[in-house]
Amino acid sequence: MHLECTLSTNSKLIIIKPKTMKLSIRFYLDKSKINKRGQSSIKCRITYNKIRKEFSTGCVASAKCLPVKE
């Protein structure tokens with residue numbers, strides 16, 4: 001756990017509060033590359049504290065099989 005320490009110059013009060021860490025995992029269909037069968041690869045994007053990494057899952061799916069986000 002990372003802690004953030006704040007020291008006020010007017011007093012000797014020290015406030016220690018934990019930093020918030022945000023994790024987001026998203027799966028999406030890469031529609032820019034479609035194979036001969038009309039399928040696209042499923043990719044994963046992991047974001048942790050504003051650092052983003054993307055990779056392919058090795059799976060493919062047709063856009064017709066997936067629900068549409070409204």
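Data overview
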{"item": "Residue-wise HN-Hα coupling along the range 46-62, computed from phi with Karplus coefficients 6.51, -1.76, 1.60 (Hz; x: Gly, Pro)", "result": "10, 10, 9, 6, 6, 10, 10, 10, 10, 7, 8, 7, x, 9, 10, 7, 8"}
{"item": "Rg followed by Dmax, in Å, when the range 22-63 is reduced to its Cα trace", "result": "11.8, 38"}
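Coordinate-derived values only; no laboratory data. Small disclaimer: the values here were computed from a predicted structure and weren't measured.
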